[in-house]
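**Student:** Below: one structure in structure tokens.
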Amino acid sequence: MALVDLGPVFVGVVVVYFIVVLGIGVYGYRTTKTEEDFLVAGRNIGPLVGGATLSASQMSAGTLVGTFGLHYLLGFGFIWIWPGLWAGWIVSLLLVAPQMRRFGRVTVPDFIATRYGDDGRNGDYSRAIGASLIIIAYTVYLSAQITAGGLIFQSLLGIAPAIGMFVMAITAVAYTSIGGMRASILTDFVQAVVMAVAVVVAIPLALYFTGGIGTVDALFQSFQPSFVGNSLTTAEIAGFMAAFGFSIAAAPYEITRIYSMRDEKTVRQAIGITLIFQTIIGTSVAILGVTMRMMFPQLTTPDLASVIMSLNVLGPVLGALLISAVFSAILSTVDSIMIVSGAGLAHDIYGKLVNPNATETQKIWANRIAIVVLGLIPLGLALNSGLLGGLVQLIVVLQASMMGGMFFVPLVLGLHWRRANTAGGVAAMVVGFSTVVAWHVATEIYGVVPASVTAVITDPVIPGVVMSFVAMVLGTYLGGKPSKKSLRPFFGDSSRGRGSQPTGSPSADAQSEAGTSGGDAD
Amino acid sequence: MSFSTSILTFLSVASVYIVFTFAWGWYKGRQEQDERETDQDAQHATTGGGDH
């Protein structure tokens, strides 16, 4: 049965929303002339749009549906997950994002192939390892996002999940393959603004219906004070900080957005702006979750609390807008991942390894075709959920930890430790990835790790990063020194000292790639 | 802890993150600007004052 009455106002708002999204796709198509336009939006994204896109790609439907439901269920205290999560952005601000923007390429494997390029094949092996793992992990993860989209369609509109999955996947494939990163980022901006406006406007309405914040407080203080207090312990918050700190700072879909911004200053401002967006949305969702518990204490499915609020508190237009924001949140996560996995196949595998002499037009179309293919494969997996058995569930649960375990140490040490070499970088990637999977299998499937250990080590990314670090140090000291060519884009000319600017400009990079300034390896 | 106090506590922590982020951005921006100016001065001195 459908929760939403498909009245003319609701249908009108949703239709306008989808027209805007597809219009943005067409605008992206018209402004895309090169692969750099397609994959990093011509590198002209400013701080406001940049901050919004970081927010939208991080906050999926989980924020408006799952997190909202958790506040409804557990109370206000769950809000302390946000400072844990923001530790990731602080790590990124200090150690990763501005440095990656200064490097200024297109994908994370671009970084891996350049910094860890002393593999006898100019970084091809390192690139292939990084790109392959990204493509596999993200393609499977997309199937879970599409499945979630189908289930939300079913809950709201009462239609078969397969139809919802098909609509979500085809819409995302359409505007992303047409408009590339520019379309993806601009739709993220629309989504973040819609999400923020909808939840902020809902607060006075919800407080009006409940009699004000004092009434809410008095009610819960009388029988369950912890519901409106701070229920997470410091250890739990520290656990979130460790897990998210590694995963967010090294997430390839966030780094691709970092590449799209104008310069390092813009990157730092955008991180500040995403924290503002997340504070507004996180606080609003927490307050609304608590007030919804007071208004509707007997909901059997807490995940539907935000939808019930949309229908009963916000009124037809704002309610439809919030439901559109839920769909939009799924789409923005799907398009963010799609463009990164597509780039892994088209830019890293096809453009760099298979056909390095491809023209710009060939590269753009390779990216479009890759997005279509890597968008339809997850749709197939979602429609046939038993196809890969437990592998889908494993990757869905672990994808963020896998990326953190695999890329955090190679990124941070590659950017800040001159001695780090190719043997160390590749070993760190492989060992970090393997440790995350092994830890998950040992704890969740075989249960061989004592509970006292898992109470402290709350996420597989933590042992993954530790072992990755050990592998990096061992590999580096067992191998030779890195070549000057692999260091120059990150540390500049060694003769000019630490303060010198690295060669991050496209022209310098192009020269370096052509070998005109890169022949002086140790 | 009252609901209002919980909200204000969270917003205070959030504002620490936000202020730190912008302050760090401002500090690094100035540092990079100084480095650029130092590099330009050094380049200027090497080329003998350029077109003065």
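Coordinate-derived values only; no laboratory data. Computed from a predicted structure; not experimentally measured. Using ideal geometry, Cβ is built from the backbone for each residue, glycine included, and neighbour counts are taken over all protein chains shown.
**Student:** Leaving out same-chain residues fewer than 8 places away, which lysines sit with a Cα under 23 Å from that of A:K33?
**Tutor:** A:K33 reaches A:K352, A:K363.
**Student:** Further question: Along each of its three principal axes, how wide is the spread of alpha-carbon positions in the protein assembly as shown, in whole angstrom units, largest first?
**Tutor:** Each principal axis gives a Cα extent; for the protein assembly as shown these are 74, 64, 47 Å.
**Student:** Here is a further query. For A:220-228, what's the mean count of beta carbons from other chains sitting within 10 Å of each residue's beta carbon?
**Tutor:** Mean shielding by partner chains, rounded to a whole number: 2.
**Student:** Oh, and also: To the nearest 0.05, how large is the calculated FRET efficiency for A:I170 and A:D263 if R₀ is 45 Å and r is the Cβ-Cβ distance?
**Tutor:** 0.80
**Student:** If N is the number of residues in region A:11-127, what value comes out of its Cα radius of gyration divided by 2.2 N^0.38 Å?
**Tutor:** Output field value: 1.44.
**Student:** Next question. Take peptide A:268-280, look around each residue's Cβ out to 10 angstrom, count Cβ atoms belonging to other protein chains, and average those counts.
**Tutor:** Whole-number average of other-chain Cβ neighbours for A:268-280 is 5.
**Student:** Taking 7 Å along the Cα-to-C-beta vector as the label spot, tell me the A:R419-A:V193 distance in nanometres, rounded to one decimal.
**Tutor:** 5.1 nm
**Student:** For region A:429-493, state which chymotrypsin sites (Phe, Trp or Tyr not before Pro) are in a DSSP loop and have at most 16 other beta carbons lying within 10 Å of their beta carbon.
**Tutor:** Within region A:429-493, the qualifying chymotrypsin sites (Phe, Trp or Tyr not before Pro) (loop, at most 16 other Cβ atoms within 10 Å) are A:Y446.
**Student:** Here is a follow-up. For the Cα atoms of chain B, what angle does the longest principal axis make with the long axis of helix B:3-46, in degrees from 0 to 90, nearest 10?
**Tutor:** It works out to around 0 degrees.
**Student:** Given Cα pairs under 8 Å that are at least 6 residues apart, what percent is the relative contact order of region A:8-386?
**Tutor:** RCO, region A:8-386: 40 percent.
**Student:** How much mean residue ellipticity at 222 nm does chain A get from its helices, if each DSSP H run of length 4 or more adds -39500 (n - 2.57) and you divide by all residues, to the nearest 500 deg cm²/dmol?
**Tutor:** -24000 deg cm²/dmol
**Student:** Filter chain A for me: DSSP H helices, axial length by Cα at least 18 angstrom, mean Kyte-Doolittle hydropathy not below -1.0. List them by residue number.
**Tutor:** Helices meeting the span and hydropathy rule in chain A are A:8-30, A:124-157, A:161-210, A:234-249, A:264-295, A:315-343, A:360-383, A:390-416, A:422-440, A:461-478.
**Student:** Which whole number gives the average, over all residues in B:19-27, of C-beta atoms from other chains lying within 10 Å of the residue C-beta?
**Tutor:** The per-residue average across the peptide is 6.
**Student:** Based on the mean of other beta carbon atoms within 10 Å per residue, what is the order of A:47-55, B:27-35, most packed first?
**Tutor:** Descending packing order for the listed peptides: A:47-55, B:27-35.
**Student:** Okay, next question. What residues from region A:67-90 fall in the zone where the backbone N is under 14 Å from a label point 7 Å along the Cα-to-C-beta line of A:L151?
**Tutor:** A:67, A:69-70
**Student:** Based on alpha-carbon atoms only, what is the radius of gyration of chain B relative to the globular estimate 2.2 N^0.38 Å?
**Tutor:** After normalising by residue count via 2.2 N^0.38 Å, the value is 2.22.
**Student:** Just going by the charge dipole of chain A, with Lys and Arg at +1 and Asp and Glu at -1 on Cβ, which of A:L93, A:T435, A:V26 is farthest out on the positive end?
**Tutor:** Comparing the listed Cα positions along the dipole, A:L93 ranks first.
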